[in-house]
Amino acid sequence: MAYLTIMKKSHVLITSILLLAILIGGGIPVAAQQKFTGLMLRTPAAYNGFTFEFFMQRGETRCDSFIAQHDFQETDKSFRYYLMASDFEIDPTSLQPVFPTGKLILDHEYSLASWLSLDRDMVDLPHWGFEQPIAFCVTVPQDAQPGTHYAAILLSTITKTEYLSGISQLDEGGAVLGSRSGVNVLVTVGGDVRKDVEVASMQVTDIDYKGAFLNIFEYQPLNIVIDLVNDGNQFAKPAGNISIHTGDLTNSEFFVPFNPGGSRVLPQTKSTFVTNWNDGPLYIVKDENKSVDSSGNEITNYSYRLAVDLAKIGDFRFGRYFVTLQMLYYDSNGQLQRVPDYTVQFWIIPWKLILVILLVVITMYTLWRRNKKDNVKYISKKSAAWKASQRKQE
Amino acid sequence: MKTYTKLHKTVALLTVFALVSGVFGFLNVQKASAAAITSMSITGTGITANSSTLNTAITPTVNFTHPSTLNTDGQTLQISLNGISVASGQTLTVADLTLTGCSFNTLEATPGTDNNGAHEVTITNGASGNDNPVVLITLDDDTGPTAPSCTGAMTLAVAAAQVVSHDTTAANYAIHIQSTLDSGSFFYYVGDENDVQITATVDNVLSFTIRNTADTADQANVGGSAVGPNLCDLGNLSTAGVQSCSYRLKVATNAVNGYYVQVVVDGGLRKTGYTITNTATGSAPTSGVEGYNILLAAGSATVGTRTTCDGAITSGNCLADGIDWSNGTGTIFNNTSASTMYSVNGPNNPASTDTTNTALVTHRAESDPGTAAGIFNQFATYTVVARW
């Protein structure tokens, strides 16, 4: 009987532990090594990233969808997101997207948000792994301007009203943080559409995107920073090649595709494309150093050091180089257009290192010369003394 | 009776002997059966190891190792070229064939001449358009007459171009090699019947969440709510020291062109009628002096390169709005127009807990005796979009 009681107690204990473990662990089975990324948006693999691209005519309606998925570490916690379609514009100087504040619709010829309709105002994601398709439609008005129009569909932790009017005074002090993330929609309305892509500028910069006096750089890595401008009214997706050579374009030191990811240049905007070049034995490494200030805040500083990779000694970079952009794009009629080649000259001369080496060599030579002179003097002196002593003996 | 018994015994003995001899004789026949031809393959122009293209001209060579020795006039070697067709308008003849592996390898059409050192060849299905031609070689002595010796590594090739081609039907065809002594078969893949195409797709993924400083949990929500905006609680701003709160911006994406992280605020840290003085970029709030700004440690990305807008870049990588988000000491945080804090030009795949490939934002504030009492708030909205 006593044995049975012990058994019973053991069962109760084990069951309790199991229940506790399930409660603590949460009800949704998730792999131990699962990465939790938060609100996950997904578009089909066939799409080029997070940009929906439609070619439409006036009066036409097209629909599509993407997926919002719960991928939060808090597996049992329900998250709610509010949907909003928002125009954005490209800052002509910074070339960055700028979302409007206090409004969602912009009054410019590339505006699209007002043409978008969403199948819901909000989406609830009750537990980990739950996914919800977000459907949307675009209806092009009869009076739409030809060309590309663009906007974003955003999922937001704050309501549309809160975004437009702000959050009223709270009982808690501090910063209230709203977060929005979403997909881009580009609609090109048929008619008099055109692309006109040109190279606005091409410059070679150092690791920190800074230029150099007379384009003389000391070490790699170097960045080829190209700004393209699209004076047309339809987006363009440029392609081509970047070659770095010493004057003979057919004999490149470095040859890579330009814009391999297929980024677009929106109409009447500039866009920046960066290509990194770092294949030589001498290169600068930028280290991130984290420290804590007197108030306990994490501070980040950067330091630079010269690294040497002897395995790449055959690719030692020194002297004058040219970087040439050979660019192509399809115009609005589907004809391949080749933009005139654009070439910039630059130098790689580790002049500080050379100066140090020269200084060392000159110093050593000077010391050697002085030492030699001293030796000669010493020997002459000794020789004269010896001769004198010889004479004396004679 | 005695004679009968003797006879009976003799018959019994003979019967047993006959039976034993028969059994051993049978076993001996089994022992003499054909050995297996090994190392069989087909090579040549137009032939691919695992899936040759349908209906293309080929010059095949059948390679094999014949373990026994064919060394008697009249012994045969037959090769069935299944999966091969005679091209339209062509005829497969002895002149198109090449044999190696015998002591002498000359071939002639049947019936040929006896003991002339040329083996007689009979080709079945060798006419134009026929499938699966069969080549039968009957060995011949030379003029010696010396018997041929065919053994070890041997080949039979259709050396002439444009005479034969692959079959028009995709299948795994068996090529048979049969000699008087040995035999073997192997599969020859024509078309893609033996191929398995493995496909998989990966969706485009973009994730964004605001996490706590250690990236171990989601940042707390306003009012302890389960949903809605997050809160960075600066606590009570005494004059005794700078108060701070921090959080991480965690973006994960496989977007090859990267993403932008943008922020806009609704004004300063304020209550009705009073705004805490903004501490200028490049300075940190100091103890006992009213001030407020943030510190951004924008971190890295696992694949893409992160660029923090510092205003120093005249190119389009960064903002010219005067906000230096890369300042290591502090950045004024009162931009009521959206501003890109940082951008990444490629994918980012942070770990489940990752303080390297996430951005740390620290808000810092201090009051002084002149600061109005009350609850101070600021509303910041972060927007993340992939580059188009």
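The values are calculated or read from the model by the stated rules, or taken from the named source; none is laboratory data. Quick caveat: nothing in here was measured; it's all calculated off a predicted structure. Here the Cβ is made from the backbone with ideal geometry for all residues, glycine too, and neighbour counts use every protein chain on show.
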As an exercise: evaluate B:Ala240 against (1) under 24 Å from A:Val274 (Cβ atoms); (2) part of a loop (DSSP other than H, G, I, E, B) and give the number of the one condition it does not meet. (1)
Complete set of residues in segment A:155-177 that are in contact (Cβ under 8 Å) with a residue 40 or more places away in the chain and within 7 Å of chain B (Cβ to nearest Cβ): A:Thr157, A:Ile158, A:Tyr163
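Looking only at segment A:139-154, which residues are within 30 Å of the chain's Cα centre (by Cα) and either away from every other protein chain (no Cβ under 14 Å) or in a loop (DSSP other than H, G, I, E, B) (or both)? Reasoning before the result, please.
Looking only at segment A:139-154, we keep the residues that are within 30 Å of the chain's Cα centre (by Cα), and these are A:147-154.
Result: A:Gly147, single match.
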Report yes if A:Val323 is facing chain B (nearest Cβ under 8 Å) and among the hydrophobic types (A, V, I, L, M, F, W, C), otherwise no. no
Where the second residue is among the hydroxyl-bearing types (Ser, Thr, Tyr) and at pLDDT 95 or above and the first is assigned by TED's automatic domain parsing to the domain that holds A:Arg305 and lies in segment A:347-375, which pairs have Cβ atoms under 9 Å and are six or more apart or on separate chains? A:Trp347/A:Tyr321; A:Ile348/A:Tyr321
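Residue by residue, here is whether (1) closer than 24 Å to B:Asn335 by Cα; (2) facing chain A (nearest Cβ under 10 Å) holds:
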site	(1), (2)
B:Thr253	no, yes
B:Tyr259	yes, yes
B:Val265	yes, yes
B:Arg270	yes, yes
B:Asn278	yes, no
B:Gly282	yes, no
B:Ala301	no, no
Hey, B:Leu295 hits all of (1) in a loop (DSSP other than H, G, I, E, B); (2) facing another protein chain (nearest Cβ under 8 Å) but one; which does it fall short on? (1)
For segment A:306-323, enumerate the residues that are crowded, with 18+ Cβ neighbours inside 10 Å and either among the β-branched types (Val, Ile, Thr) or not assigned by TED's automatic domain parsing to the domain that holds A:Asn278 (or both). A:Val323
The listed residue being at pLDDT below 90, in contact with a strand residue (DSSP E or B) (Cβ under 7 Å, 6 or more places away or on another chain) and among the β-branched types (Val, Ile, Thr), out of B:Val158, B:Val202, B:Val190: B:Val190
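Criterion first (at pLDDT 90 or above, over 30 Å from A:Ala45 (Cβ atoms) and more than 9 Å from chain A (Cβ to nearest Cβ)) does B:Thr331 satisfy it? Don't jump to the end; show me each part of the working.
Details: at pLDDT 90 or above: no; over 30 Å from A:Ala45 (Cβ atoms): yes; more than 9 Å from chain A (Cβ to nearest Cβ): yes.
Criteria not met by B:Thr331.
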Selection status of B:Thr239, closer than 30 Å to B:Gly112 by Cα, surrounded by 14 or more Cβ atoms within 10 Å (Cβ to Cβ) and among the polar types (S, T, N, Q): no
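So that you can scan it fast, the table gives a plain yes or no per residue for (1) away from chain B (no Cβ under 14 Å); (2) at pLDDT 95 or above; (3) under 23 Å from B:Asn345 (Cα atoms):
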site	(1), (2), (3)
A:Gly26	no, no, no
A:Lys35	no, no, yes
A:Leu106	no, no, no
A:Trp115	yes, yes, no
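Condition check ((1) away from every other protein chain (no Cβ under 11 Å); (2) over 30 Å from B:Leu136 (Cα atoms); (3) in contact with a Ser or Thr (Cβ under 8 Å, 6 or more places away or on another chain); (4) not aromatic (Phe, Trp, Tyr)) across all residues:
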position: B:Val164; (1), (2), (3), (4): yes, no, yes, yes
position: B:His176; (1), (2), (3), (4): yes, no, yes, yes
position: B:Ser185; (1), (2), (3), (4): yes, no, no, yes
position: B:Gly191; (1), (2), (3), (4): yes, no, yes, yes
position: B:Asn204; (1), (2), (3), (4): no, yes, yes, yes
position: B:Phe208; (1), (2), (3), (4): no, yes, yes, no
Quick check on segment A:170-180. Is at least one of its residues touching a Leu at 6+ places or on another chain (Cβ under 7 Å), among the aliphatic types (A, V, I, L, M) and at pLDDT 95 or above? no
Which numbered condition trips up B:Thr358, out of (1) facing another protein chain (nearest Cβ under 9 Å); (2) of a type in the set (Val, Ile, Thr); (3) in contact with a Leu (Cβ under 8 Å, 6 or more places away or on another chain)? (1)
Consider B:Ala217 carefully, then state whether it is closer than 29 Å to A:Val292 by Cα, among the hydrophobic types (A, V, I, L, M, F, W, C), out of contact with any strand residue (DSSP E or B) (no Cβ under 6 Å at 6 or more places or on another chain) and facing another protein chain (nearest Cβ under 7 Å). yes
Enumerate the strands (runs of 3 or more DSSP E) found wholly within segment B:104-198, keeping only those where 2 or more residues are surrounded by fewer than 17 Cβ atoms within 10 Å (Cβ to Cβ), without any contact (Cβ under 8 Å) to a residue 24 or more places away in the chain and not β-branched (Val, Ile, Thr). B:106-109
Considering only strands (runs of 3 or more DSSP E) wholly within segment A:178-288, the ones with at least 3 residues that are within 12 Å of another protein chain (Cβ to nearest Cβ), in contact with a strand residue (DSSP E or B) (Cβ under 8 Å, 6 or more places away or on another chain) and of a type in the set (A, V, I, L, M, F, W, C) are A:197-205, A:222-230
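Looking at segment B:336-353 only, could you name the residues that are more than 9 Å from every other protein chain (Cβ to nearest Cβ) and either assigned to a loop (DSSP other than H, G, I, E, B) or small (Gly, Ala, Ser) (or both)? Give the steps one after another, and end with the answer.
The initial filter retains those residues of segment B:336-353 that are more than 9 Å from every other protein chain (Cβ to nearest Cβ), namely B:341-342, B:344, B:347-348, B:353.
B:Pro347, B:Thr353 - these are the residues of segment B:336-353 that are more than 9 Å from every other protein chain (Cβ to nearest Cβ) and either assigned to a loop (DSSP other than H, G, I, E, B) or small (Gly, Ala, Ser) (or both).
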Determine the pairs where a residue that is more than 15 Å from A:Val187 (Cα to Cα), located within segment A:40-63, has a partner that is part of a strand (DSSP E or B) and of a type in the set (Ser, Thr, Tyr) with Cβ atoms under 6 Å apart, the partner being 6 or more residues away or on another chain. A:Met40/B:Ser207
Is it fair to say A:Ile90 is buried (at least 19 other Cβ atoms within 10 Å of the Cβ), modelled with pLDDT under 90 and within 14 Å of chain B (Cβ to nearest Cβ)? yes
With the structure loaded, tell me whether B:Tyr247 is surrounded by 22 or more Cβ atoms within 10 Å (Cβ to Cβ), out of contact with any Phe, Trp or Tyr (no Cβ under 8 Å at 6 or more places or on another chain) and modelled with pLDDT of 90 or more or whether it fails that test. yes
Residue count, segment B:220-236, condition under 18 Å from B:Thr381 (Cβ atoms), under 47 Å from the mean Cα position of the chain (by Cα) and at the interface with chain A (Cβ under 8 Å from one of its Cβ atoms), comes to 6
Scanning for something modelled with pLDDT under 90 and more than 8 Å from chain B (Cβ to nearest Cβ), does segment A:59-71 turn up at least one residue? no
Does B:Thr216 satisfy being farther than 30 Å from A:Asn259 by Cβ, part of a loop (DSSP other than H, G, I, E, B), of a type in the set (Val, Ile, Thr) and modelled with pLDDT under 90? no
